[in-house]
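Comments concern the structure below.
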Amino acid sequence: MTIGVKQPSIVLGVSGGIACYKAVELVRLLVKAGCSVQVIMTRSAMEFVTPLTFQTLSGHPVASETFNLTQESEIGHINLADSADLFVIAPATANIIGKIANGIADDLLTTVLMATQAPLLIAPAMNIHMYENPILQENLRKLRRVGYHLLEPAEGFLACGYEGKGRLPDPEKIAEEVQRLLKPKDLIGERFLITAGPNREPLDPVRYLSNRSSGKMGYALARAALRRGAAVALVTGPTALAAPAGARTTQVTTAAEMRAAVLKEFSTSTAVIMAAAVSDYRPVMRADKKIKHGKYPIELRLEPNPDILKELGAAKDGRLLIGFAAETEALTANAAKKLTEKNLDMIVANDVTQEGSGFDGDSNIATILDRTGATCALPLMSKDDLADRIFDHFLELKKPR
Ligand code: PMT
């Protein structure tokens with residue numbers, strides 16, 4: 001495993017669980033890969049493994065106490081926060097996850113975390129029932145929403161005697177994820193136009209036609225592009241999400257409004273990703289007054305909306321165009337057809353009937369197809385991780401051949 005030229009600086013937070021012993025191996029792997037690793041332990045972590053073990057392997061003193069003057073002068077908690085290229089918490093207990101999700105900073109690890117601007121990778125490990133607890137799950141969703149990276153726990157025999165999901169992933173897997181997240185700012189110079197969310201097509205002043213898109217996929221793409229150094233213009237339908245910091249965001253409602261906003265941003269973009277679930281149809285008539293309840297069926301006539309992406313495909317002029325395909329059957333065949341018909345460079349196909357894929361959730365399962373004929377089927381992963389995979393593929397496609 002090789003990582004960049006400058007030695008990346010990792011701050012590893014170790015919270016108290018039996019999986020602490022795997023964090024020891026993780027330090028060894030990261031140091032072997034060329035990282036500088038600084039460990040912060042919680043008090044309960046020190047009940048499982050001694051600081052000396054981490055100190056010996058990392059070659060740095062281990063930090064644990066906020067008010068220890070010797071530690072503060074040798075390490076300095078703000079120094080730790082500032083020095084990190086990446087912050088990793090492994091294992092992350094339910095307790096530490098709860099604290100981070102609720103902004104509690106009552107020990108050294110949570111205080112440094114609060115002060116850091118580095119990306120954060122969290123590897124939860126706990127008893128299966130704790131992991132399934134709805135409060136814990138809500139906390140995880142909250143952490144994902146603010147852009148933290150979460151590793152799914154592994155399944156298997158748990159130290160508490162139960163079998164199921166809750167094991168800390170293998171140190172090799174965590175180290176691999178660290179390497180991926182340490183990626184350089186490789187999208188500098190790109191100006192992405194990204195669309196997200198649904199459209200709403202009004203029927204009358206109180207009703208509309210829409211779909212189940214939450215905007216999460218498009219927002220994840222915007223965040224990933226910004227993280228990797230690109231400029232982002234985000235055109236979004238109505239969502240409950242906070243606009244990604246640093247993106248120029250335009251809010252729209254109907255497909256016609258989305259088309260107008262997209263065409264406005266198109267000329268200054270270098271690439272386009274359409275993750276929005278654009279309404280294919282709109283009502284022919286929009287009632288001025290609320291349609292009243294009546295005894296007889298009423299007919300709703302719909303007319304097609306313009307295909308925005310197809311329009312961009314006909315005018316792409318050197319830009320790289322990436323579409324999405326939300327499919328319920330013949331995933332790759334249908335996606336390949338859209339790739340050709342809309343003159344795209346890449347298409348990300350998601351089978352929206354599959355558990356964990358498509359609309360609304362935090363994860364997706366996608367197959368990427370590109371203009372060279374390559375097909376890459378990806379496993380279930382978070383929308384944040386899929387966004388990074390899409391940009392990796394984008395860069396591959398841009399390489400001169
Ligand atoms: O928002 P989330 O809840 O996170 O869900 C993510 C998602 C399921 C919406 C996303 O992953 C996705 O699949 N987006 C595309 C949905 C869609 O409209 O697919 P489509 O196969 O109908 O359209 C193909 C492509 O053409 C899409 O890039 C779409 O944006 C574009 N299109 C479609 C119709 C239209 N009139 N104009 C378009 O530009």
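No lab work stands behind these numbers, since they all come straight from the coordinates. Just so it is clear, the structure is predicted and the values come from calculations on it, not from any experiment. Note that each Cβ is placed from the backbone with ideal geometry, even for glycine, and that neighbours are counted across all protein chains shown.
Counting 0.36 nm for each residue step from LEU263 to ALA154 and taking away their Cα separation leaves a gain of 34.8 nm. Amide H contacts of ILE89 (H built 1.01 Å from N, in plane; Pro and chain starts excluded): GLY13, LEU121, ILE122, ALA123 sit under 5 Å, all sequence-distant by 5 or more or on other chains. Helical content of the chain, expressed as a calculated mean residue ellipticity at 222 nm, amounts to -10000 deg cm²/dmol (DSSP H runs of 4 or more residues, -39,500 (n - 2.57) each, divided by residue number, nearest 500). Amide H contacts under 5 Å for TYR281: ASN305, restricted to partners 5 or more places along the chain or on a different chain, H placed in the peptide plane at 1.01 Å from N. Taken one residue at a time, the phi angles of region 150-157 give Karplus couplings (6.51, -1.76, 1.60, θ = phi - 60°) of 10, 9, 5, x, 7, 9, x, 6 Hz. Gly and Pro are set to x. Length gained on full extension, HIS60 to ALA377: 110.0 nm, using 0.36 nm per residue less the C-alpha separation. Secondary structure note: in the chain, about 30% of the DSSP beta bridges are antiparallel. Dividing the convex hull volume of the alpha-carbon atoms in the chain by its residue count gives 171 Å³ per residue. With 28 Å as the limit on Cα-Cα distance, the pairs of LYS183/LYS310; LYS22/LYS216; LYS216/LYS342; LYS216/LYS338 that go past it are LYS183/LYS310; LYS22/LYS216. Ordering 394-400, 137-143, 270-276 by mean Cβ neighbour count within 10 Å, with the highest value first, yields 270-276, 137-143, 394-400.
In this label model, ARG248 and ALA333 are separated by 4.3 nm, measuring between points 7 Å along each Cα→Cβ vector. Modelled label positions at THR50 and ASP106, each set 7 Å beyond Cα in the direction of Cβ, lie 3.0 nm from each other.
Look at the dipole of the chain built from charges on Cβ: of PRO297, GLY59, ALA336, the Cα furthest out on the positive end belongs to PRO297. Cross-link pairs exceeding 29 Å between alpha carbons, from the set LYS173/LYS316; LYS173/LYS383; LYS142/LYS185; LYS316/LYS399: LYS173/LYS316. Using 0.36 nm per residue and subtracting the Cα-Cα separation, the extra length available between LYS142 and LYS165 on full extension is 6.3 nm. D by Stokes-Einstein for region 9-182, Kirkwood Rh over Cα pairs, 37 °C, 0.692 mPa s: 207 µm²/s.
Placing pseudo-labels 7 Å out from each Cα toward the beta carbon at ASN211 and ARG286 gives an inter-label distance of 2.0 nm. Given R0 = 25 Å, the distance between the Cβ atoms of GLN354 and LYS399 translates into a calculated FRET efficiency of 0.20. Peptide packing: for 355-363, 12-20, 298-306, 339-347, the average count of neighbouring Cβ atoms within 10 Å per residue gives the ranking 12-20, 339-347, 355-363, 298-306, highest mean first. Using C-alpha pairs under 8 Å with a sequence gap of at least 6, the mean separation divided by the residue count of the chain gives a relative contact order of 11 percent.
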